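Visitor: Got a structure here, written out as structure tokens. Questions coming.
The values are calculated or read from the model by the stated rules, or taken from the named source; none is laboratory data. Here the structure is a predicted model, which means the values were calculated and not measured. Cβ sites come from the backbone with ideal geometry, for glycine too, and all protein chains shown count toward neighbours.
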């Protein structure tokens, strides 16, 4: 059989993207489209009492202005989760297309539709909105306090959800004589995805059906949400997803597609475009949950855990979006990564008057690893143990099985990845070299592990569908609902299909654009599910197509079916290896035969009821200028066990991107808000300090390839895990260099100044 999986193939979309031929949403939107400009609230909490649009409507080129008083009263969810037929497992329906009850500064309260950008922008500035202002709250724990402003009547105390973990008897175990108590509070910030292409969508009508072209990760889910938001049958909506310029989870929500779909219904079916400005992506799309975590570990002198406790307070912002799933996943890592018989955990997801938090690369695990891995270094320091050596003692052992997901750690992965990381960073040598430093500029090394699982089973549905068509020339066209969002899945899919069918890589044509009218159902790109979940359907469908090809070959060659094989696009006889015909010859005969014309296709669905662990670590070396309160990252290594690599070059690129995101998370990125008004202060790429090449050393990506036994291709999560451990590794390197534990990310100069002064270094 052909063997493409495991080779570093050039991306199938490389030429089009490098030359500018790739078509994104805006490229497909007619220049005559009506354009929009949203009117945003200038208070953090309150009620719209009136909107004066007379002056704005007088601007030449303005077509219509719609306000929060005009939109239909259909509450809808936005999260990119599979639909559940069980009402108790459905996402919270808490959004309207435009909102009278303002719950965050910048909320959409009206929209201007105009013939051109200038008119839309001018009119938006002239819309006058009157408010009844209410008190607001930005902090999750303050929002839970008695008397705090309430955002949603149906969620008293602003608590969207609260879950618990209770294993063993924490209270009794913590009273064991001779235990050492290690306690810490750890904070992670609100950040934004900062993908290259801002969210954009355009909608028009054909008959009574709405077509929306959108930069989305989840076309089939957005179709459903648009139907819910407009109160129309879902089949009356068509979503087309072309190439997409990144998403990182921000586009795993229905953002402006429902509003855009409704606007075209109000404008006679005309083409309407909503194109977010960068400032709007920070506030009116989604952000990463800021989570505050409290950890207590009761440790025996030998380092073993007697009891552990964790409390997580997740800042959801104004609307539910992905809600509690993010912090619940993060807390779920706690009793697994370092197993302990007595664990108590509580996680709260809390509404505040901040922009809505949703999915972002890692889905709660970057926050969890910052807290958990910072805490592990704190424990090792109290015990006087080397952080790596200590983790070897207490980390998840080979053979560990999670009682909920049934995930199993099949290999001694953690020790394998730590060995590689230690060697790459020169751990032992540098720990010795950096001992007992006293100068103003000091160096240190640190590390952090990460835990990640793959896809969303058993929390939610996991299924994938695939369609394959044998073309006249013997090539194969492939469609799937799992979306390419820049991560390279179309290339990986091409390699998988080539091997499953038995054809050369060059003869696979993956249809990158998803169209819900014709593309087989799939829930999209999220949860590092692409190669794992999609692989099941691709292999199954490929084998079906292969069988149908060989059945037809039997007829043409008059050979026994058991003696035939398809290898590299040719039909061969197994008994002597003779080539009997090419697949192109077979395909032409099948389509044009006067005696037995046949269109050879295959389509199937696979429901996945498995999950898989993905593990790894980061090692970092830093130089800390104490008087300047600055951290310079000198070296960083990411080591992953993501199963078998489909495409090593693509895998390395994924890791580099995740490392960059993790570096920014640890050192510079934070969306700031004015405590007096709730207004975002740095919702632009000038003031929001995204990590760049200037902040990066040479990024090192290494792999341990332990094939995942439950996966058809031995793969498991890779897209998100690289972002999970760099930040705490950098934090722990700063601890090693200075002896100062910095428990709040990002470690900006003002944070370092406060901690260095507190510890007497300044």
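Visitor: Checking the conditions here, which among 469, 501, 497, 508 is buried (at least 19 other Cβ atoms within 10 Å of the Cβ), over 30 Å from residue 199 (Cβ atoms) and more than 28 Å from the chain's Cα centre (by Cα)? Before the answer, list the steps.
Guide: Details: 469 fails: buried (at least 19 other Cβ atoms within 10 Å of the Cβ); 497 fails: more than 28 Å from the chain's Cα centre (by Cα); 508 fails: more than 28 Å from the chain's Cα centre (by Cα).
After ruling out the rest, the residue left standing is 501.
Visitor: From 18, 50, grab the single residue that is surrounded by fewer than 16 Cβ atoms within 10 Å (Cβ to Cβ), out of contact with any helix residue (DSSP H, G or I) (no Cβ under 7 Å at 6 or more places or on another chain) and assigned to a helix (DSSP H, G or I).
Guide: So the residue among 18, 50 that is surrounded by fewer than 16 Cβ atoms within 10 Å (Cβ to Cβ), out of contact with any helix residue (DSSP H, G or I) (no Cβ under 7 Å at 6 or more places or on another chain) and assigned to a helix (DSSP H, G or I) is 18.
Visitor: Something else now. List pairs: first residue in region 101-117 and at positive phi, second residue surrounded by 24 or more Cβ atoms within 10 Å (Cβ to Cβ) and assigned to a loop (DSSP other than H, G, I, E, B) anywhere in the structure, Cβ distance under 8 angstrom, at least six positions apart or on different chains.
Guide: If the second residue must be surrounded by 24 or more Cβ atoms within 10 Å (Cβ to Cβ) and assigned to a loop (DSSP other than H, G, I, E, B), the pairs left are 106/355.
Visitor: Across region 126-145, what is the number of residues that are in contact with a helix residue (DSSP H, G or I) (Cβ under 8 Å, 6 or more places away or on another chain) and either surrounded by fewer than 18 Cβ atoms within 10 Å (Cβ to Cβ) or part of a loop (DSSP other than H, G, I, E, B) (or both)?
Guide: 4
Visitor: Taking the stated definitions as given, is residue 418 in a loop (DSSP other than H, G, I, E, B), at pLDDT 95 or above and surrounded by 17 or more Cβ atoms within 10 Å (Cβ to Cβ)?
Guide: On the way: in a loop (DSSP other than H, G, I, E, B): no; at pLDDT 95 or above: yes; surrounded by 17 or more Cβ atoms within 10 Å (Cβ to Cβ): yes.
Taking the combined requirement at face value, the residue does not satisfy it.
Visitor: Now for a separate question. Scan region 315-328 and give yes if some residue there is surrounded by fewer than 24 Cβ atoms within 10 Å (Cβ to Cβ) and in contact with a helix residue (DSSP H, G or I) (Cβ under 7 Å, 6 or more places away or on another chain), otherwise no.
Guide: No; the residues of region 315-328 include none that is surrounded by fewer than 24 Cβ atoms within 10 Å (Cβ to Cβ) and in contact with a helix residue (DSSP H, G or I) (Cβ under 7 Å, 6 or more places away or on another chain).
Visitor: Right, another one. Of the numbered conditions (1) loosely packed, with under 14 Cβ neighbours inside 10 Å; (2) over 27 Å from residue 512 (Cα atoms); (3) touching a residue at least 12 places away in the same chain (Cβ under 8 Å), residue 58 fails exactly one; give the number of that condition.
Guide: Of the numbered conditions (1) loosely packed, with under 14 Cβ neighbours inside 10 Å; (2) over 27 Å from residue 512 (Cα atoms); (3) touching a residue at least 12 places away in the same chain (Cβ under 8 Å), the odd one out for residue 58 is (3).
Visitor: Just name the residue that is farthest from residue 521 (Cα to Cα) out of those in region 198-226 that are in a loop (DSSP other than H, G, I, E, B) and touching a helix residue (DSSP H, G or I) at 6+ places or on another chain (Cβ under 8 Å).
Guide: Filtering region 198-226 for residues in a loop (DSSP other than H, G, I, E, B) gives 198-199, 207-208, 215-218.
Checking the rest, the ones that are also touching a helix residue (DSSP H, G or I) at 6+ places or on another chain (Cβ under 8 Å) come to 198-199, 208, 215-216.
Numbers: 198: 25, 199: 23, 208: 22, 215: 18, 216: 15 Å.
Among residues in region 198-226 that are in a loop (DSSP other than H, G, I, E, B) and touching a helix residue (DSSP H, G or I) at 6+ places or on another chain (Cβ under 8 Å), the one farthest from residue 521 (Cα to Cα) is 198.
Visitor: Also: Picking from 46, 6, 80, which residue would you name as being on the phi > 0 side of the Ramachandran plot and assigned by TED's automatic domain parsing to the domain that holds residue 216?
Guide: Answer to the check: 46.
Visitor: Looking at the structure I just gave you, is residue 175 assigned to a loop (DSSP other than H, G, I, E, B), more than 20 Å from the chain's Cα centre (by Cα), at pLDDT 95 or above and at negative phi?
Guide: yes
Visitor: I'd like the full set of residues that are over 30 Å from residue 500 (Cβ atoms) and in a strand (DSSP E or B), limited to region 693-752.
Guide: Residues satisfying the conditions are 699, 700, 744.
Visitor: Separate question: Suppose we filter region 178-197 for residues that are in a loop (DSSP other than H, G, I, E, B) and either more than 32 Å from the chain's Cα centre (by Cα) or surrounded by 15 or more Cβ atoms within 10 Å (Cβ to Cβ) (or both); how many remain?
Guide: Qualifying residue count for the region: 11.
Visitor: When the residues of region 658-673 are filtered to those that are touching a strand residue (DSSP E or B) at 6+ places or on another chain (Cβ under 8 Å) and assigned to a loop (DSSP other than H, G, I, E, B), which remaining residue is surrounded by the fewest Cβ atoms within 10 Å (Cβ to Cβ)?
Guide: Keep residues of region 658-673 that are touching a strand residue (DSSP E or B) at 6+ places or on another chain (Cβ under 8 Å), which gives 658-660, 662-663, 667, 671-673.
Next, only the ones that are assigned to a loop (DSSP other than H, G, I, E, B) stay: 671-672.
Numbers: 671: 21, 672: 14.
The qualifying residue surrounded by the fewest Cβ atoms within 10 Å (Cβ to Cβ) is 672.
Visitor: Take the conditions over 30 Å from residue 589 (Cα atoms), touching a residue at least 12 places away in the same chain (Cβ under 8 Å) and surrounded by fewer than 24 Cβ atoms within 10 Å (Cβ to Cβ) and apply them to residue 521. Does it pass?
Guide: On the way: over 30 Å from residue 589 (Cα atoms): yes; touching a residue at least 12 places away in the same chain (Cβ under 8 Å): yes; surrounded by fewer than 24 Cβ atoms within 10 Å (Cβ to Cβ): yes.
In short, yes.
Visitor: Given (1) closer than 30 Å to residue 156 by Cβ; (2) in contact (Cβ under 8 Å) with a residue 40 or more places away in the chain, where does residue 311 come up short, assuming only one miss?
Guide: Of the numbered conditions (1) closer than 30 Å to residue 156 by Cβ; (2) in contact (Cβ under 8 Å) with a residue 40 or more places away in the chain, the odd one out for residue 311 is (2).
Visitor: Can you pull out the residues in region 668-695 that are modelled with pLDDT under 95 and out of contact with any helix residue (DSSP H, G or I) (no Cβ under 7 Å at 6 or more places or on another chain)?
Guide: Answer for region 668-695, where residues must be modelled with pLDDT under 95 and out of contact with any helix residue (DSSP H, G or I) (no Cβ under 7 Å at 6 or more places or on another chain): 692, 693, 694.
Visitor: Sticking with this structure for a sec: Among 636, 571, 626, which is under 44 Å from the mean Cα position of the chain (by Cα) and not assigned by TED's automatic domain parsing to the domain that holds residue 660?
Guide: Unique residue meeting the criteria: 571.
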